[in-house]
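As structure tokens, the structure follows; a few thoughts come after it.
The values are calculated or read from the model by the stated rules, or taken from the named source; none is laboratory data. Note that the coordinates shown come from a computational prediction; the quantities given were computed from them, not determined experimentally. Cβ atoms come from the backbone with ideal geometry, glycine included; neighbour counts cover every protein chain shown.
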Amino acid sequence: MYTVRPIPNSNRSSPMPPRTTPRRLADKLADAAAAYQASVVIPHCPQCSNSCCRLDPLVLELEWKQVRTFWRIEEPRATFDRRLATGQGPQEIRAANGLYYAHGKPCPAFNEATASCSVYGQPIKPAGCSDFPVYEDGGVIVADLRCEAVDRKALTAWIAQALGEGFRVAWSADPEFPFLITISLKKAKRST
Ligand code: SF4
Ligand code: SF4
């Protein structure tokens, strides 16, 4: 059955519904992830039973300036790299592809007494620390369930609510690392 609609008045400009471009969608997802971090994750950090800053089991990716600052290294980078390569450097650091990876010992910037980051809010803080455990990447949300503050169902509901009607939210786990989940969006089918 057809519904008879009035013919639009061509002299009247009717506003077009806003298009959700991929970039705008990615921005919305990034905002939703940041809001989840601020409201749910960060308030839990002081009482976390296994802080990610202890770098076990997590691995922290660092640039040279961060390694130099956190480990208070005064020698030139080439000298430090040689030390690392011969097993004379900090045992918790590995070098690869121009970057460094720390694992197995608490990050030197972690204050155990206050369970807080001593470089919080400073440019030297590695980008990965701000992203963990929930971030937008290429139009999807990636979440790391090794963070005890992240609840898959609650996060999925949070994203669905942030994006509003018009989207269907689906999640999947990484086959190799099942604690990494991806939350993606599909346009909801319009009911006829
Ligand atoms: S694992 Fe999660 S809750 Fe614990 S300190 Fe890290 S971000 Fe905070
Ligand atoms: S830089 Fe700060 S947030 Fe990142 S691992 Fe170290 S203490 Fe934690």
For region 113-128, does any single residue satisfy the condition of being within 12 Å of ligand 1 (Cβ to nearest atom), part of a helix (DSSP H, G or I) and not charged (D, E, K, R)? yes
Within region 132-149, residues more than 16 Å from ligand 2 (Cβ to nearest atom) and more than 11 Å from the chain's Cα centre (by Cα) come out as 138, 139, 145
Contact list please: Cβ distance under 9 Å, first residue in region 57-68 and in a strand (DSSP E or B) and within 13 Å of ligand 2 (Cβ to nearest atom), second residue of a type in the set (S, T, N, Q) and at pLDDT 95 or above, pairs at least six apart or on different chains. 60/66
Look at residue 179 and say whether it is among the aromatic types (Phe, Trp, Tyr), modelled with pLDDT under 95 and not assigned by TED's automatic domain parsing to the domain that holds residue 119. no
Can you tell me how many residues within region 70-90 are surrounded by fewer than 16 Cβ atoms within 10 Å (Cβ to Cβ) and either within 16 Å of ligand 2 (Cβ to nearest atom) or among the aromatic types (Phe, Trp, Tyr) (or both)? 1
Got at least one residue in region 149-159 being in a loop (DSSP other than H, G, I, E, B) and touching a His at 6+ places or on another chain (Cβ under 6 Å)? yes
